[in-house]
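Reading through the structure tokens given below for one structure.
Rule-based calculations on the coordinates, nothing more; no lab input. Computed from a predicted model, the values in this text were never measured in an experiment. Using ideal geometry, Cβ is built from the backbone for each residue, glycine included, and neighbour counts are taken over all protein chains shown.
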Amino acid sequence: MIEQSTGFAASAFNGGRIAWLDQGPSAAYVAVYGTARPSGGGAPGGAPLVVVLLAKPSMTLSGAVASLVTAEAYSLATLSGAPVWARWVNGLGDWAMDTDAGGPGSGAEVEASDAVLLAGARVSITASALA
């Protein structure tokens, strides 16, 4: 399930949303949490398991599907736990959207490389596509 900020949702679908994520001096990122998911943009209820920096552009388009482009092949998990949900933040630090997260084959909008992430382990986002 995807919950979007007003600014992100108002952007022209996909091309405009990529530009919205990429704005600002910093890299956009996806923070993956193992906590209960709050309502859209609410306090996350804990620290993220892993934070994945995105490249600029942060997504590529193939038809009507936007796919995530990470800045690095992997990120290091800072906490152990199962991925439950992910928060997307643009380069200005503004909340873009919250999506489901899970392990490989979970069908979540963000799929991590493992069903349970271990602190200090390498983590990659193996699938993330928004239609």
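Just a few scattered comments:
- Charge dipole of the range 3-130 about the Cα centre (unit charges at C-beta), most positive-ward option of VAL52, GLY24, GLY102: GLY24
- Put simply, when 72-82, 38-48 are sorted by average Cβ atoms within 10 angstrom per residue, most first, you get 72-82, 38-48.
- By average C-beta atoms within 10 angstrom, highest first, the peptides 21-32, 105-116: 21-32, 105-116
- Fully extended contour minus Cα-Cα distance, from ILE2 to THR35, at 0.36 nm per residue: 10.2 nm
- Equivalent ellipsoid semi-axes - Cα gyration tensor, the range 3-130, angstrom: 22, 15, 14
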